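Peer 1: Below is a structure I'd like to ask you about.
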Amino acid sequence: MRNMRKCYIRLSSLFLCAALLLTGCAAAEKKDEKNSIRIGVSLYRGDDTFINNIRGELEKCAKDYEQEMGVKVSMDIQDAKGSQNTQNNQVERFLSLGCDVLCINPVDRTAASVIIDKAMAAEIPVVFFNRQPVEEDMDRWDQLYYVEAAAKESAVLQGSIVVDRYRESPESLDQNGDGVVSYVLLEGESSHQDSLIRTEWSVQTLKDGGVPIEKITGGIANWERSQASALMEQWLEKYPGQIELIVCNNDDMALGAIDAMERAEISGISVVGIDGTTPGLEAVESGRLMGTVSCDKERYAGAIFHIAVSGALGREIPPEIELEEGKYYRCPQYIVIKNHQK
Ligand code: GAL
């Protein structure tokens, strides 16, 4: 896994360097006019593990850019703590402070129009990420962008981890040998586009791949480890010896399910997640998590950052950041299983 990881890091560094060069040239050309960039970032929740991983990478991007380009980058990162109101106020503050661009991880993806109104009035571009504003809102202005790891792709890759395992060794999943793999499902926030799509396509991929599945139960744990752990604790008591697979919309909930299994001293149930967060990848390494689907966080954050910088400098987005419809960037994803990444 380590060699492959290095390879991905190298790849994304290449991507980053190319992007740096391009935006860098742009920055150099405009250097006389602008030798500092102010970026306002608002996170839907600062305690979300995946979002925190992205935040760390964004901070690195800003540092690298400053060093390479000699352009000062002030990145003001705020936590909206799950409140759309708070986030709207943060946006107002960013604008009054003279931010050149906004990077917004919306609390309520259906309420992005308020932020868009303010940004359009101030003529400040917005890079949304991870929680997709509705299409109507995204179509309102050509200075709106969205960065994500596409939900259907994550789910199909997650499903294929299980399909591959079943083909290699059906008995490792169908442990009681009754000819079906009995599973439970842990879902993210019901209002998040990723939850529904991931659930639908993970299950569909299992079916298409010929895994004989039967759902025991499922529930919403809002991406959270503790909520998933509480649900799993109940299910382990209610369905003793029946659960063979736990399909989770993200790694944190997968880790919560594993916490509950460890408390109940139950082993052997296969768990799959999505995100490739730092603790998620560690759990794959230690064999507690069968597999996860990761996007390259460096590349994900690199796309947010370089789109933002281009927007702030009024320059074209570097062509290395391949945008769909001129505004959507979908970060490539890959499977992570023990000793292997593909
Ligand atoms: C999902 C991710 C979750 C959580 C959520 C927040 O894409 O898989 O772990 O971070 O976004 O919006």
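Peer 1: Let me have the relative contact order for the stretch 149-260, percent, based on Cα pairs under 8 Å that are six or more residues apart. Please report the intermediate quantities before stating the final value.
Peer 2: On the way: 186 pairs, mean separation 36.1, N = 112.
It comes to 32 percent, rounded to a whole number.
Peer 1: Also: Quick one: Karplus J couplings for the stretch 253-261, per residue in order, coefficients 6.51, -1.76, 1.60, θ = phi - 60°, nearest Hz, x for Gly and Pro?
Peer 2: 5, 4, 5, x, 5, 5, 4, 5, 5
Peer 1: Compare ALA121, ALA228, ALA149 in a GNM of the chain, Cα atoms joined below 10 Å, and give the one with the largest fluctuation.
Peer 2: In this elastic network of the chain, the residue with the biggest mean-square fluctuation among ALA121, ALA228, ALA149 is ALA121.
Peer 1: Moving on. With θ taken as phi - 60° and the coefficients 6.51, -1.76 and 1.60, list the Karplus ³J(HN,Hα) couplings across the stretch 228-244 in order, rounded to whole Hz; mark glycine and proline as x.
Peer 2: These are the phi-based 3J(HN,Hα) values: 5, 5, 5, 4, 5, 4, 5, 5, 5, 6, 6, 10, x, x, 9, 7, 10 Hz.
Peer 1: Also, quick follow-up: Structure shown: which of LYS215/LYS297; LYS152/LYS215; LYS72/LYS118; LYS297/LYS327; LYS34/LYS327 lie over 28 Å apart, alpha-carbon to alpha-carbon? Working shown, then result.
Peer 2: Working: LYS215/LYS297 32 Å; LYS152/LYS215 20 Å; LYS72/LYS118 25 Å; LYS297/LYS327 19 Å; LYS34/LYS327 25 Å.
LYS215/LYS297, as the Cα separations exceed 28 Å there.
Peer 1: Is the C-alpha gyration tensor of the stretch 243-342 telling us rounded, prolate or oblate? Criteria: a/c under 1.5 is rounded; beyond that, a/b larger than b/c is prolate, otherwise oblate.
Peer 2: Values: a/c = 3.37, a/b = 3.07, b/c = 1.09.
Prolate, since a/c reaches 1.5 and a/b exceeds b/c.
Peer 1: Same structure, new question: Of GLU320, GLU136, GLU59, which is the most mobile in a GNM of the chain whose springs link Cα atoms less than 10 angstrom apart?
Peer 2: GLU136
Peer 1: Now, a different point. Stokes-Einstein diffusion coefficient for the stretch 121-166 at 4 °C in a medium of 1.567 mPa s, Rh from the Kirkwood formula over Cα pairs: what value in µm²/s?
Peer 2: On the way: Rh = 12.9 Å.
This corresponds to a translational diffusion coefficient of 100 µm²/s.
Peer 1: Then there's this: By count of other Cβ within 10 Å, fewest leading, how are THR199, THR277 ordered?
Peer 2: Values: THR199 19, THR277 25.
Arranged by neighbour count, lowest to highest, THR199, THR277 become THR199, THR277.
Peer 1: For the stretch 252-291, calculate the relative contact order in percent as a whole number, restricting contacts to Cα pairs under 8 Å that are 6 or more residues apart. Kindly include the intermediate steps, with their values, before the conclusion.
Peer 2: Values: 30 pairs, mean separation 18.7, N = 40.
Relative CO of the stretch 252-291 lands at 47 percent.
Peer 1: With an 8 Å Cα cut-off and a minimum separation of 6 or more residues, compute the relative contact order for the stretch 277-342 in percent.
Peer 2: On the way: 62 pairs, mean separation 28.8, N = 66.
44 percent.
Peer 1: With no solvent and one point per C-alpha, what does the Debye sum give as log10 I(q)/I(0) for the chain at q = 0.07, 0.10, 0.15 Å⁻¹?
Peer 2: Result of the Debye calculation: -0.31, -0.61, -1.18.
Peer 1: Quick one: order TRP201, TRP223 by neighbouring beta-carbon count within 10 Å, fewest to most.
Peer 2: Values: TRP201 20, TRP223 27.
Ordered by Cβ neighbours within 10 Å, fewest first: TRP201, TRP223.
FYI, it's all coordinate maths here, none of it is from the lab. Remember, it's a predicted structure, so these values are computed and weren't measured experimentally. When we count neighbours, we look across all protein chains shown, and the Cβ atoms used for this are built from the backbone with ideal geometry, even at glycine.
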